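The values are calculated or read from the model by the stated rules, or taken from the named source; none is laboratory data. Predicted, not measured: the structure shown is a model, and the values here were computed from it. Using ideal geometry, Cβ is built from the backbone for each residue, glycine included, and neighbour counts are taken over all protein chains shown. Protein only, heavy atoms only, side chains kept; ligands, DNA and RNA dropped before computing areas. Shrake-Rupley method; radii C 1.70, N 1.55, O 1.52, S 1.80 Å.
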Amino acid sequence: MTPWDYRIGQGYDVHAIAEGLPMWLGGVRIDSPSGFVAHSDGDVAIHALCDALLGALALGDIGHLFPDTDDKWKGADSKKLLDIVIRRIWQNGWELCNADITIALQAPKIARYVPDMRKVLAGIMEVQEDRVSVKATTTERLGFVGRGEGCEVWAVVLLKRRIL
Ligand code: MG
């Protein structure tokens, strides 16, 4: 008999792309002439990850936690949001087993940033890097992602807690 209780969570987010904005993804600044339209820094990968963590414990979503009507979160560093969310997870006695993130973006190519994203995200969540997967894909020029209009991200996480 396992002494562990497990919860799975999934998250999804999209942000539009516009010229002249900084592009943050997975906690890393991407060298790009365009970035994400958002109330916060627009880090769509961290937003999907936060929603997966919150979803695993049915704690709502980041729009509920950090409303875009609140100036407190205007231009917010999404790494700070992830830090707040993971602390919520720990507070409830849960720990992260692993996270798997898929980023769909047509341009720029982001494969070279993936190691840094994994390092940054694992650091904030205080797990080994092999527990955080980041995968990048294009959509073969199909749909709004393929036209370069936006970025789409899916994240799943598994949490565990010892059964007392
Ligand atoms: Mg978002």
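Inspection of segment 105-128 identifies no residue that is open to solvent by less than 50 Å² (accessible area, probe 1.4 Å), assigned to a strand (DSSP E or B), in contact with a strand residue (DSSP E or B) (Cβ under 6 Å, 6 or more places away or on another chain) and hydrophobic (A, V, I, L, M, F, W, C). Selection of first residues in segment 1-21 that are touching a residue at least 60 places away in the same chain (Cβ under 8 Å) and of second residues that are surrounded by 14 or more Cβ atoms within 10 Å (Cβ to Cβ) and among the polar types (S, T, N, Q), restricted to Cβ pairs under 7 Å at least 6 apart or on distinct chains, gives the following pairs, ordered by first then second residue: I17/S34. Touching a helix residue (DSSP H, G or I) at 6+ places or on another chain (Cβ under 6 Å) and either at pLDDT 95 or above or under 30 Å from K109 (Cβ atoms) (or both): is that true of D68 in this structure? Against the criterion (touching a helix residue (DSSP H, G or I) at 6+ places or on another chain (Cβ under 6 Å) and either at pLDDT 95 or above or under 30 Å from K109 (Cβ atoms) (or both)), D68 does not qualify.
Beta carbons closer than 7 Å, at least 6 apart along the sequence or on distinct chains, pair a first residue in segment 76-104 that is on the phi < 0 side of the Ramachandran plot with a second that is part of a strand (DSSP E or B) and among the acidic types (D, E) for A104/E152.
Within segment 77-85, does at least one residue satisfy the condition of being of a type in the set (D, E), away from the ligand (no atom under 11 Å from the Cβ), part of a helix (DSSP H, G or I) and closer than 23 Å to D100 by Cβ? Even if it seems obvious, please write down each step before you answer.
Step one: list which residues in segment 77-85 are of a type in the set (D, E), which gives 77, 83.
The next check asks that each one be away from the ligand (no atom under 11 Å from the Cβ); those that pass are 77, 83.
Imposing the further condition that a residue be part of a helix (DSSP H, G or I) reduces the set to 83.
If we keep only those that are closer than 23 Å to D100 by Cβ too, we end up with 83.
Checking segment 77-85: at least one residue is of a type in the set (D, E), away from the ligand (no atom under 11 Å from the Cβ), part of a helix (DSSP H, G or I) and closer than 23 Å to D100 by Cβ.
Counting the residues of segment 22-36 that are within 16 Å of the ligand (Cβ to nearest atom) and either open to solvent by 60 Å² or more (accessible area, probe 1.4 Å) or over 21 Å from G75 (Cα atoms) (or both) gives 1. All conditions in (1) within 29 Å of E149 (Cβ to Cβ); (2) in contact (Cβ under 8 Å) with a residue 40 or more places away in the chain hold for W73, with the sole exception of (2). Among the residues of segment 40-74, those identified as open to solvent by 30 Å² or more (accessible area, probe 1.4 Å) and more than 13 Å from the ligand (Cβ to nearest atom) are G55, A58, L59, G60, T69, D70, D71, K72, K74.
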